[in-house]
Amino acid sequence: MRMNRLMCVSAGFFLLMLGPADVIAQHAGSTNPQEQTVYQTKGIVLNAHDMADWAVASYWEQKLGAVYVLAVDPRMQADADERDAVLATAWQLRPQTISAKTAIIAIIPKRTTKPQSNDIAYQITFIPGSGAQDKHKIETRFISEGLGVRPILTSASAAGTIPRLPPIYSYAGFPQNNIARYWAAHPGELKSILHWIGTNASTDFNQILNTNVVEASVHRSAYFHLVGARTSSGPIARLRVVFLGSAIPVTSKLPQQDTSRDFGDLQIEKAQAEVDTQKHDTLGAITGLAELLPEERLPAKYALWQYFMKGTRNAEVDAIVPIPNTEKRVLLTFRFGTGNNVGVQRVGEDNKGSSFRHLGDVRLVNGFGANSADIPAWMAWVKRRYPSVTPIGVTMAELVNSVTAEIKLRSGTAAWFKENYGIEILAPSVARSQLARSFQFSDQQLMALRAFTSSELQMLEFTLEKMSDPLVSIFRGMKMARQKTSVELIGVTSTKFAISEPAEAGMALLRGNNRLVVIFDSGDLNSEALFLGGAGAGGKPEVATEALMVYAHELGHLVAAMPGMKDGFDGLVKTKKIKAVTWYAASNAETEFFPEAFALYIGDPEWLKRNRPDLFGWFQTLSRK
């Protein structure tokens, strides 16, 4: 029996408030460092729509919005790169305490992430909250862009022509919005401005000026933004004056990553900073994201965040991660290790609706390499492995191709398994009779029996292909049936009632010489969330759908039932103090540890070799007998 519960998560997007979900049950850690990791068999179907929401959410908008009330210039909403640069600058320049209104002129250089951008100037104002519980406020206002954002120092001079103010002009930012009072109090600043326009400004000007004057023995420095035009003969034709204050403008020096962060980074940072309420720990460092393709990085962050928030600890997750707005799915391995540090490895990719199995290729069958030194030896091996197959051709390539073609053609039929493996695939009516007669199933337990589909039988073939000849021979004489859902009878004889067990993926039945495996619908529930395997020789993916675990697990129960098999396995586990390989193995080690370990030996032997080398060696010996 294998419980194969799928965790389905839809992480809704709402500002920063994405709460943790239910926690996966995990077995306590081992004292052996190489055996801290378990293999994750509870998958999460990742929601591409949620990822798309993450993609459009601004890291900086969300980060600042969690702390401040934001009032941003409408211009920023039309340019995400500029928005992030301004908000990242605001975060960098924020005062430690905001006790009074504070305005800062920020000059942000041309962004390397956007070559066509210009230098820009924004006024960033920090405003204290009105009460102890109120957030402080940040306002951003666009000033200018281009060469004119770099302040020019000017002062009044007797030389040159000083034009008059035009009869009508616009202004903003002056104290109490009273420009006449300001000019009356600071005539030197006005004279400096008019002097610059008359002697240095082009006919169309857009410039930040720094006036530098002495009034009543007091040095004054102030900043103004001037936009306007003057005639070639001198008079000012158009003018707008914005008072920017006396604070020296700050030139931002943001690292490139400050404007390339996404909402996934924010969620990761939050998980790294805030203690999980149930696990009482935090997420550690993440490595490997930089090696992914740019469009894969945010989905990878979303996936590892989901698994961490669901309670994944000290585990390897082979996850199928969809890429939003495409048919592409990337196969990523997440290794949650000590300190909740996570390593990310790209195994390969798959397209939605396709299969990443190398189905029916005789060159990938266990034993091919050891028996392909010459044609006679290979022909003898094929006859043992597939008694019903007659290779056709003269060359090795022709012979191999003919066997591969026949596997692909016939492995979706019941006859294939009877003729080559001695395994009987039961039709629904026959399965009903066998389950009732040999295993005393009641009518209530025999509902919704069905026939295997051709693809399900090909999955069985693929599972067997990964086993050695001695292992395959163990299953000769067994039977297999297919049913919608497992049904369990509860209560005493006179009052038994049936309960469906939709979480059960499969069931192995043994009584005397009768061996029967039943596969249920939930056997492939994880097939959209998880894969098996990893990067093989040359980096080429050697992977399979997670449904293989179900078939291999149930066959593992039959292997465990062989005389002396379980005793040998249990003795090794006890002597070496070997930790269970999955959460399900830990849930009932007496009956489920062996089949879970066997399934991993078949489906992901590299993981077993790396994380439970003693078990791997034990199964290697078994497979050669």
Failed item, numbered, when Gln257 is tested on (1) open to solvent by 70 Å² or more (accessible area, probe 1.4 Å); (2) more than 21 Å from the chain's Cα centre (by Cα); (3) among the polar types (S, T, N, Q); (4) within 25 Å of Asn118 (Cα to Cα): (2)
Close pairs (9 angstrom Cβ cut-off, 6 or more residues apart or separate chains): closer than 11 Å to Thr41 by Cα and free of Cβ contacts under 8 Å to residues at least 40 places away in the same chain in the stretch 519-531, hydrophobic (A, V, I, L, M, F, W, C) and buried (at least 20 other Cβ atoms within 10 Å of the Cβ) anywhere: Ser527/Ile320; Ser527/Ala547
Top-ranked residue of the stretch 93-108 - restricted to ones that are assigned to a loop (DSSP other than H, G, I, E, B) and open to solvent by 40 Å² or more (accessible area, probe 1.4 Å), ranked as nearest to Ala222 (Cα to Cα): Lys101
Those residues of the stretch 292-338 which are acidic (Asp, Glu) and within 23 Å of Ala52 (Cβ to Cβ), in sequence order: Glu295, Glu296, Glu327
Residues (of a type in the set (Gly, Ala, Ser) and open to solvent by 10 Å² or more (accessible area, probe 1.4 Å)) located in the stretch 311-330: none
Long-range neighbours under 7 Å by Cβ, at least six apart or interchain, first residue on the phi > 0 side of the Ramachandran plot within the stretch 75-102, second of a type in the set (A, V, I, L, M, F, W, C) and buried (at least 16 other Cβ atoms within 10 Å of the Cβ): none
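Go through the stretch 549-592 and report how many residues are closer than 21 Å to Leu516 by Cα, among the β-branched types (Val, Ile, Thr) and open to solvent by 10 Å² or more (accessible area, probe 1.4 Å).
If we filter the stretch 549-592 for residues that are closer than 21 Å to Leu516 by Cα, which is where we start, we get 549-566, 590-592.
The next check asks that each one be among the β-branched types (Val, Ile, Thr); those that pass are 550, 559, 591.
After this cut, where a residue has to be open to solvent by 10 Å² or more (accessible area, probe 1.4 Å) as well, the list is 591.
Selection size over the stretch 549-592: 1.
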Those residues of the stretch 156-198 which are closer than 27 Å to Gly146 by Cβ and open to solvent by 60 Å² or more (accessible area, probe 1.4 Å), in sequence order: Thr161, Ile162, Ile168, Tyr171, Lys191
Qualifying residue in the stretch 349-356 (condition: at pLDDT 95 or above, open to solvent by 10 Å² or more (accessible area, probe 1.4 Å) and not basic (Lys, Arg)): no
Candidate set from the stretch 498-518 (those that are among the small types (Gly, Ala, Ser) and at pLDDT 90 or above); member that is nearest to Lys42 (Cα to Cα): Ala505
Helices (runs of 4 or more DSSP H) contained in the stretch 177-281 and holding at least 2 residues of a type outside the set (Ser, Thr, Tyr) and under 30 Å from Arg111 (Cβ atoms): 263-273
Pair list, Cβ < 7 Å and 6+ apart or interchain, from the stretch 202-220 residues that are open to solvent by less than 60 Å² (accessible area, probe 1.4 Å) to residues that are among the basic types (Lys, Arg): Val213/Arg220
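Within the stretch 427-443, is even one residue part of a loop (DSSP other than H, G, I, E, B) and within 15 Å of Val550 (Cβ to Cβ)?
Start the filter on the stretch 427-443 by keeping residues that are part of a loop (DSSP other than H, G, I, E, B), which leaves 427, 440-442.
From the residues that got through so far, the ones that are within 15 Å of Val550 (Cβ to Cβ) too are none.
Taking every residue of the stretch 427-443 in turn, none turns out to be part of a loop (DSSP other than H, G, I, E, B) and within 15 Å of Val550 (Cβ to Cβ).
Taking Ala90, is it among the small types (Gly, Ala, Ser), more than 20 Å from Gln207 (Cα to Cα), in contact with a helix residue (DSSP H, G or I) (Cβ under 6 Å, 6 or more places away or on another chain) and open to solvent by less than 30 Å² (accessible area, probe 1.4 Å)? Steps first, please.
Working: among the small types (Gly, Ala, Ser): yes; more than 20 Å from Gln207 (Cα to Cα): yes; in contact with a helix residue (DSSP H, G or I) (Cβ under 6 Å, 6 or more places away or on another chain): no; open to solvent by less than 30 Å² (accessible area, probe 1.4 Å): yes.
Here the answer is no, as Ala90 does not meet what is asked.
The values are calculated or read from the model by the stated rules, or taken from the named source; none is laboratory data. Just so it is clear, the model here is predicted, and its values are computed rather than measured. Neighbour counts run over all protein chains shown; Cβ positions are idealised from the backbone, glycine included. Each accessible area value is taken on the protein alone, full model and side chains, heavy atoms only, with ligands, DNA and RNA left out. Shrake-Rupley method; radii C 1.70, N 1.55, O 1.52, S 1.80 Å.
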